[in-house]
Amino acid sequence: MSAASPDREVGTSGAPIVSLENFGFTYPNAAAPALSRISLSVAPGEFVGITGEEGSGRTTLFRALNGSAVRHYKGSRTGQAIIGGLDACTAGHATIGAFTASIFDDPDSQIVSLTAGEEVGFSLAQRGFSQAAIRERVEKALAEVGLSGFSRRSTSSLSGGQKQRLIAAAALALEPTLILLDESTSALDPRGKREFYDLLDRLRRENNVAIIAIERDLELLMERADRIVVLHEGYVLLDGKPRDMASSRHILRTAGLRLPAWMETVEILKSQGWLEGKAPESEAEAVALIAELLESVEGAMAS
Amino acid sequence: MNELIRIQGLHSRMNSVEILKGIDLSVNSGESLALVGPNGAGKTTLLRHLNGLLKPSAGTVIVDGMDTRRAGASRFARLVGFLFQNPDHQIIAGSVRAEIEFGLVHTGIARDEHRDRVASASASLGLSKYLDADPFSLSRALRQRVALASVLALSPKVLVLDEPTSSQDERGAELIMKVAESLNASGTTIILVSHDMELIARFSKRVIVLVEGEVEADREVHATFRDERLLMKAGLSTLGAYRMASALGIAFEKSQPLTAATLAGRLGSMLAGANT
Amino acid sequence: MKKLRDYSPLAKFILMLSVIASAYLTDSLYILFSLIVLQGFAASREGAWRTYGKTMLALTVGALTLTLFQIFSIDEGTTVFTLIPSLGIGSVTDLGIHDSLMMSVRMMASVGVIPLMVALTPSPQIISLVSGTFGLSPSYTCVLITALRFIPTFGERMGKVMQAEACRGYRADTANPFRKIGMILRLSLPLLVTCVRDVDSLTLSLEARGFDPESKTKPERIKPQSIEYVALVIALLAVASLAAGRLIG
């Protein structure tokens, strides 16, 4: 069935786990390409955040990365998309799925089993793991997402947030080397979101898992990601470290994103002539600079 | 302003688990309020009591003089417009137009009013060019707006929005909230459930914090976001502007909105004033 | 010894058919009961006791109802007792007891084996078997089976949709059963359509997790072993002898 074995070693040599070069993609019967000339490289253990507004090509990029774009959605492509050393477009999502976990935003369209335990163990059963190994991994995965003891629960009895955690557990059971997320925390409350991303951080640290997350929350990405890629109308508008976002406010606005409060505040103050030459790259830095400014101005008043 | 919704001693049980443990709430006509709290606190359950979808196991819910125990949800359709969290549970028609008309047909609104109502509801949400499209061929964000449009077409007195911007990007979220805002300005009561604190800080006037089935706090919006202890207890995120103001030791009037713009404005005048 | 659930799906299917055939070829209550006992034994060995137990409980209720109806309609044989002697209503004969009991136990034995086998067979195997045997495209079969599997979710979703529509004024809260049925039918079609749409993303999810319907129709790693052949031979011999017994006797 699949060419990849469960214990495939990917990305251990330090080569990038994802390498897109001038990749373009057009859906069948579409007037314009959904993605154009995308170049992207992700190293093992790296956390890359992808953001952009509706229509920017985020979901298409997700599909290109998990191998479903060409084989399943039957679109046409240009350029290269290499995932784990394989050509994502010819290998297809079943093969890529052996070492890549895809977590979509709508759990209802992803859950295939009647019980939680069955759902988590599904991919393992498909890849030929023994019953004992499956049981062990299922318990472990459920515990990691905070659903211990849920193995026998029927999937239809779970809440939206629990379902999202369940599909995360199902994705983790196969111990992937790459995790793709498409707005997978929309049903979680802030605490749930934090715990979810803490879990991802742990996986990166412990198992060198690479993470590509599509999120609308720029502030969240700035907090968690190693790099942020901003898409707009199918192109990469910006690819840089979180700290670089601060100096690209214009670009972020063009991309239709909501700026964190501190960035907006700094922008307004700059437009009034304050903070000239200063470029704070985080909320803490912005607060420190503004405090300094207030003190110096008060100091000047006093003298 | 008169009282439109009165909830007294509301208890709600589901599968022998008590979800709501005694809620007392009064909402006046024309208010704009937000319901926040961690997952599992009972927010969605509370919303479902507002139009009779769920009946209290104890206590009463009276909406515009009607006791929800006495009537089914369909009787409240023109009074309480309900936008569900998952638009796909609501969409049933083959075209956006038919979808928006669905409620009009079933609540018995006069035929000659249909065209105008459909036109204005779809226009306000940027759906005019999609009227003949199959809702399921549209993106999730657009489907959410279609579902909202069909609720708006009924021009309800109370608009209940359960995570209305969850699938929207910034532009879509703005659009939806502007619509809600203008409806509120013309008298519609808005009840919003959302995890997006920034949105709530900008659009709602009153915030009810629900934790484990009980009302933890019921305050004016800015007082809510200033109370870090409350936010932490309810597992809610704090807001950037508030954090900064607090770190800089800047005090604001109790009811003054705290956004990047107002904070920057205040800082600007502090700095400018100090220079003269 | 190899577990039943690990048998090849074709062997399981044949075994299942053998049980059903045996149930209809025999007239002996003893054999029928032993078929049920055999199933129960298999269920407990395979850890499917809960499923089987629930099925049998439901079937027992059905069987009792069936028995009650049948028992009063058979007049042949010696009357054992009568419900209302004065009116001559409700006479129960010994033959009546035997025959109606047999019908019910036969029903239980033949129907009970089906969910048991389904519980022991992962759906991809069912898909492979059905598409291979009937020459259907695996994707089509996958769609079919997945849609069938989603009947519980379908029902739940139906409930959610009816709630949502009620909020828009649709009078779903009617006590009139005909109106209710009409309503359910009206809502069913678009619901089915959305379920089928879901099947597309579900198939994607299945495939990404290793289930590839486009590949060989035999599921991998299930090579029939000698024990399966032995079991099959025993089952077929049993069926043959029952059939022979009927023809001769």
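The values are calculated or read from the model by the stated rules, or taken from the named source; none is laboratory data. Fair warning: this is a prediction, and the values are worked out from it, not measured in the lab. Here the Cβ is made from the backbone with ideal geometry for all residues, glycine too, and neighbour counts use every protein chain on show.
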Residue count, region A:193-215, condition among the charged types (D, E, K, R) and either surrounded by 23 or more Cβ atoms within 10 Å (Cβ to Cβ) or under 12 Å from A:Leu181 (Cα atoms) (or both), comes to 1
Of the residues in region A:253-274 that are over 33 Å from the mean Cα position of the chain (by Cα) and surrounded by fewer than 19 Cβ atoms within 10 Å (Cβ to Cβ), the one that is nearest to B:Asp196 (Cα to Cα) is A:Ser271
Are there any helices (runs of 4 or more DSSP H) wholly within region B:218-276 with 1 or more residues that are modelled with pLDDT of 90 or more and at the interface with another protein chain (Cβ under 10 Å from one of its Cβ atoms), and if so which? B:228-233, B:240-248, B:260-275
Of the listed residues (B:Ser57, B:Ser74), the one being modelled with pLDDT of 90 or more and either more than 8 Å from every other protein chain (Cβ to nearest Cβ) or farther than 29 Å from B:Met197 by Cα (or both) is B:Ser57
Looking only at region C:95-113, decide whether some residue is at pLDDT below 80 and within 15 Å of the chain's Cα centre (by Cα). no
Residues A:Glu139, A:Glu144, A:Glu119: which one is over 22 Å from A:Glu183 (Cα atoms) and either crowded, with 17+ Cβ neighbours inside 10 Å or without any contact (Cβ under 8 Å) to a residue 60 or more places away in the chain (or both)? A:Glu139
In region A:44-86, residue nearest to the chain's Cα centre (by Cα) [restricted to those that are of a type in the set (Lys, Arg) and at pLDDT 90 or above]: A:Arg58
Return the residues of region A:148-176 that are within 14 Å of chain B (Cβ to nearest Cβ) and more than 26 Å from the chain's Cα centre (by Cα); say none if nothing qualifies. A:Arg153, A:Ser154, A:Ser156, A:Ser157
If you scan region B:77-100, which residues turn out to be at the interface with chain C (Cβ under 9 Å from one of its Cβ atoms) and free of Cβ contacts under 8 Å to residues at least 24 places away in the same chain? B:Asn86, B:His89, B:Ile92
Here are the criteria: (1) over 28 Å from B:His11 (Cβ atoms); (2) within 14 Å of another protein chain (Cβ to nearest Cβ); (3) in contact (Cβ under 8 Å) with a residue 24 or more places away in the chain. Tell me which single one B:Val179 does not satisfy. (2)
Meets criteria (out of contact with any strand residue (DSSP E or B) (no Cβ under 7 Å at 6 or more places or on another chain), part of a helix (DSSP H, G or I) and within 10 Å of another protein chain (Cβ to nearest Cβ)) for B:Ser150: yes
Can you name every residue in region C:25-50 that is closer than 20 Å to C:Leu101 by Cβ and surrounded by fewer than 16 Cβ atoms within 10 Å (Cβ to Cβ)? C:Asp27, C:Ser28, C:Leu29, C:Tyr30, C:Phe33, C:Ser34, C:Val37, C:Leu38
For C:Ser44, which of the numbered conditions (1) small (Gly, Ala, Ser); (2) farther than 12 Å from C:Gly112 by Cα; (3) touching a residue at least 40 places away in the same chain (Cβ under 8 Å) fails to hold? (3)
Using the structure shown, decide if A:Ala91 is assigned to a helix (DSSP H, G or I), over 25 Å from the mean Cα position of the chain (by Cα) and more than 9 Å from every other protein chain (Cβ to nearest Cβ). no
Elements of type strands (runs of 3 or more DSSP E) in region B:1-112, at least 1 residues being farther than 25 Å from B:Glu216 by Cα: B:80-83
I'm told A:Ser282 meets every condition in (1) facing another protein chain (nearest Cβ under 7 Å); (2) surrounded by fewer than 18 Cβ atoms within 10 Å (Cβ to Cβ); (3) among the small types (Gly, Ala, Ser) except one. Can you identify the failing condition by its number? (1)
